[in-house]
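Novice: I am attaching a structure below and will ask some questions about it afterwards.
The values are calculated or read from the model by the stated rules, or taken from the named source; none is laboratory data. Given the structure is predicted, the values throughout are model-derived calculations rather than measurements. Note that each Cβ is placed from the backbone with ideal geometry, even for glycine, and that neighbours are counted across all protein chains shown. We work out accessible area using only protein heavy atoms, side chains counted, and drop any ligands, DNA or RNA first. Shrake-Rupley method; radii C 1.70, N 1.55, O 1.52, S 1.80 Å.
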Amino acid sequence: MIIETLFFWILAVTTIGVIFIQLLQWRGLRSTPGNKSDQIHSFSIIIAARNEEKNISRLLDSFSQLDYPKEKFEIIIVDDRSTDSTKLIAEKFTARLSNLKIISILKNETDMPHKKNALRAGIANARFDILAFTDADCVVPKQWLKKLSEQFTDDVGAVAGYSPFQLPDRNRLFPSFLRYEELKGSLYAAAAINNGTPYMCTGRNFAYRKKVYDEVGGFEKIKHSVSGDDDLFLQLVSRETSWKVRYMTDYDSYILTVPPTTVAAFVNQRTRHISASKYYDPKMKILLGLFHLHLLIFLVGLFVTPLWSIIFFLVRINADAVIIAQGKKILNEEFTVTEFFRNELLLICYTIVIGPMGFIKKYDWKGAAA
């Protein structure tokens, strides 16, 4: 009886904490975006590419279709020790893209993680004031740079955006879960940015001023993490500068990306992403830890006080439903009630299993050991 009472109060307190955080997220998602800039900014688009011969053509072709003055942007492909035809394929596009520049890294002899080292090389060769980033397995929309430019008012130093998976069959279990998990993470990122507490974004759709990069000392302070050229860098900007951060929600700014083709590839990708959370601010660790703790307590509680565990979990699920309902409108996604409940249950397994792996598992970037 004492154990049941203890679990009841632990469930009650953690549920209240989770609901409070979700209320903050809901407020952030309802925030009104700031004014837009009417300037036509200049961009240096930087892509770190390693063994991307299957994807690089699609990306470069999408760059050739950008609806933006060609003299206002350049494309820098950093070929990071590729052992396939990535560089050769990229070089063929120089005839179509006069503003394309290719940099080759043959060996990383620095103490900087591979991807950050490649991005740093691209930034060192950038000639424009705003740096825009995506990945080699992405496709950028025609209006991408226009939408980015609108966000960079004089007080904005960094802009994040949405990058959903390009899924041929959204109705199957794995694609549906991928799509849902990406949406939910992006909603958390957008809400936090709108609330003035940026902590997460994706490097597939990210941009910041070169002076912001210089102001925080580049990647030097976050080189201890293999991942984090996006979220850890964003946190540096928020913590060490006075620049504002924005999140783009316009449909024409979404960058589609190729999803992991296997569960193993997905686990490796997400493990690498989660590994950066080891270096998050203590307050953010507590907030994120509360979400994980609540799920763990719920699972244990099923064997101690099953009725109350289910009741409190349903409270959380309903709060999640409110966030997703708001987020679907913002990011133009759609999920059925069945998909929602199914994916929320899968997220429990995902959170309990993948979360700890980010702290203990070895991982790599594009086949290069960390």
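Novice: What does the C-alpha gyration tensor say about the overall shape of the stretch 227-269? Classify as rounded when a/c is under 1.5, otherwise prolate if a/b is larger than b/c, or oblate.
Specialist: Oblate is the answer for the stretch 227-269, as a/c is 1.5 or above yet b/c matches or exceeds a/b.
Novice: Which value, in debye to the nearest 20, describes the size of the charge dipole of the stretch 47-161 about its Cα centre when Lys and Arg Cβ atoms bear +1, Asp and Glu Cβ atoms bear -1, and nothing else is charged?
Specialist: Working: 18 positive and 18 negative charges, 52 e Å.
That gives the stretch 47-161 a dipole magnitude of about 260 debye.
Novice: For semi-axes √(5λ) of the Cα gyration tensor in Å, the listed values are [x] 42, 24, 21; [y] 37, 22, 20; [z] 33, 25, 19; which was obtained by calculation from the structure presented?
Specialist: It is the one labelled [y].
Novice: Show 334, 344, 220 ordered by accessible area, largest first, where the area counts protein heavy atoms only and the probe is 1.4 Å. Mind showing how you got there, number by number?
Specialist: Details: 334 115, 344 10, 220 85 Å².
Output order, biggest surface exposure first: 334, 220, 344.
Novice: When Lys and Arg each count +1 and Asp and Glu each count -1, what net charge do the other residues less than 14 Å away from residue 251, Cβ to Cβ, add up to? Provide the component values of the computation, followed by the final result.
Specialist: Working: positive: 142, 146, 147, 328, 329; negative: 150, 250, 252, 333, 334.
The answer is 0.
Novice: A further question on this structure: What are the GluC sites (Glu not before Pro) within the stretch 52-119 that DSSP puts in a loop, where the Cβ has at most 13 other Cβ atoms within 10 Å?
Specialist: 109
Novice: Please say if the stretch 5-78 is rounded, prolate or oblate, where rounded means a/c under 1.5 for a ≥ b ≥ c the square roots of the C-alpha gyration tensor eigenvalues, and otherwise the choice is prolate for a/b larger than b/c and oblate otherwise?
Specialist: On the way: a/c = 4.95, a/b = 2.05, b/c = 2.41.
It comes out oblate by the Cα gyration axes.
Novice: What does DSSP give for the chain in terms of the percent of beta bridges that are antiparallel, rounded to the nearest 5?
Specialist: That works out to approximately 35 percent antiparallel.
Novice: Sort 232-242, 143-153 for me by packing, meaning the mean count of neighbouring Cβ atoms within 10 Å per residue, highest on top.
Specialist: Ranking, from highest mean packing down: 143-153, 232-242.
Novice: In whole percent, and with a 1.4 Å probe on the protein chains, what portion of the accessible area of the stretch 1-142 is carbon and sulfur?
Specialist: 56
Novice: How long is the gain from residue 155 to residue 310 if the chain were fully straight, where each residue apart is worth 0.36 nm and the alpha carbon distance is subtracted?
Specialist: Gain in length upon complete extension: 51.1 nm.
Novice: Report relative contact order for the chain in percent, whole number only (criteria: Cα-Cα under 8 Å, sequence separation at least 6).
Specialist: Here the relative contact order equals 23 percent.
Novice: Around residue 92, under 12 Å between beta carbons, what's the net of Lys plus Arg minus Asp minus Glu among the other residues?
Specialist: Working: positive: 87, 96; negative: 53, 61, 91.
Net charge in that neighbourhood comes out at -1.
Novice: Using a ≥ b ≥ c from the Cα gyration tensor of the stretch 133-284 (square roots of the eigenvalues), is it rounded, prolate or oblate, where a/c under 1.5 gives rounded and otherwise the larger of a/b and b/c decides, a/b for prolate?
Specialist: oblate
Novice: In the full protein assembly as shown, how much of residue 107 is accessible to a 1.4 Å probe, in Å² to the nearest 10?
Specialist: 140
Novice: In whole Å, how far is the Cα centre of the stretch 180-232 from that of the stretch 67-109?
Specialist: Between the Cα centre of the stretch 180-232 and that of the stretch 67-109, the gap is 24 Å.
Novice: Now a separate question. Given springs between every Cα pair under 10 Å in a Gaussian network model of the chain, which of 94, 202, 262 has the largest fluctuation?
Specialist: Result for the chain, Cα springs under 10 Å: 262 fluctuates most.
Novice: Step through the table entries 87/116; 36/328; 54/244; 36/223; 107/221; 146/184, compare each Cα-Cα distance with 28 Å, and write down the pairs that go over it.
Specialist: Exceeds cut-off: 54/244; 36/223.
Novice: Which order do 243, 9 take by accessible area at a 1.4 Å probe, largest first? If you can, show how the numbers build up before the last one.
Specialist: Numbers: 243 55, 9 150 Å².
Solvent-accessible surface, decreasing: 9, 243.
Novice: Within the stretch 250-320, which trypsin sites (Lys or Arg not before Pro) sit in a loop by DSSP and count at most 15 neighbouring Cβ atoms inside 10 Å? Each step should come with its number before you reach the end.
Specialist: Working: sites: 270, 272, 278, 283, 285, 316; in loops: none.
For trypsin sites (Lys or Arg not before Pro) across the stretch 250-320 that sit outside H, G, I, E and B with at most 15 neighbouring Cβ atoms in 10 Å, the list is empty.
Novice: Between residue 296 and residue 38, take the C-beta separation as r, use R0 = 51 Å, and let me know the FRET efficiency to the nearest 0.05.
Specialist: That pair, residue 296 with residue 38, gives E of 0.55.
Novice: Same structure again: Which order do 201, 349 take when ranked by solvent-accessible area (1.4 Å probe, heavy atoms of all protein chains), largest first? Mind showing how you got there, number by number?
Specialist: Numbers: 201 15, 349 80 Å².
Ranking 201, 349 by accessible area, largest first, yields 349, 201.
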